Amino acid sequence: MLTKKVKNTVKLIKALDDGLYSAYTLHDETRISVSYIEQLLKPLRRVGLVEGVRGPGGGYRLTRRPITLADILTIISPPKTEEESRLHFAAMAIQLTKPVKEAA
């Protein structure tokens, strides 16, 4: 089962699929608060999946494609125990390697 945090991150990745978007534009498209968008994108920026562009006309954009559900789970919601890891990834095995824009 995906957490709300992971589901919201998937929404953001789908919204970022084709360009550079400000947090406010992402908010309009996803209905996720601007502060939460910034929290969700921070770990993705840290590992280089998303780039933040400063200044007028700046925003966020993807740095590589495809981004899979496995990428998001590993970054946003890493398993804490070996058992949790087995259960978590077994439940998602079919969707793990699909690009996010194709996943449900």
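The values are calculated or read from the model by the stated rules, or taken from the named source; none is laboratory data. The structure displayed is predicted, hence computed values, not measured ones. When we count neighbours, we look across all protein chains shown, and the Cβ atoms used for this are built from the backbone with ideal geometry, even at glycine.
Only one of the numbered conditions (1) within 12 Å of the chain's Cα centre (by Cα); (2) at pLDDT 95 or above is not met by I72, and that is (2). All conditions but one from (1) of a type outside the set (D, E, K, R); (2) assigned to a loop (DSSP other than H, G, I, E, B); (3) closer than 14 Å to I67 by Cα apply to V10; the one that does not is (2).
State all residues of the range 21-36 that are β-branched (V, I, T) and assigned to a helix (DSSP H, G or I); if no residue qualifies, say none. Of everything in the range 21-36, those that are β-branched (V, I, T) and assigned to a helix (DSSP H, G or I) turn out to be T25, T30, V34.
If the condition is being of a type in the set (K, R), surrounded by 14 or more Cβ atoms within 10 Å (Cβ to Cβ) and not in a strand (DSSP E or B), then the range 37-64 contributes only R45.
Taken together, the residues in the range 1-10 that are surrounded by fewer than 17 Cβ atoms within 10 Å (Cβ to Cβ) and either of a type in the set (A, V, I, L, M, F, W, C) or touching a strand residue (DSSP E or B) at 6+ places or on another chain (Cβ under 9 Å) (or both) amount to 1. Considering the range 11-36, the residues that are among the charged types (D, E, K, R) and either on the phi < 0 side of the Ramachandran plot or surrounded by 14 or more Cβ atoms within 10 Å (Cβ to Cβ) (or both) include one that is farthest from the chain's Cα centre (by Cα), namely D28.
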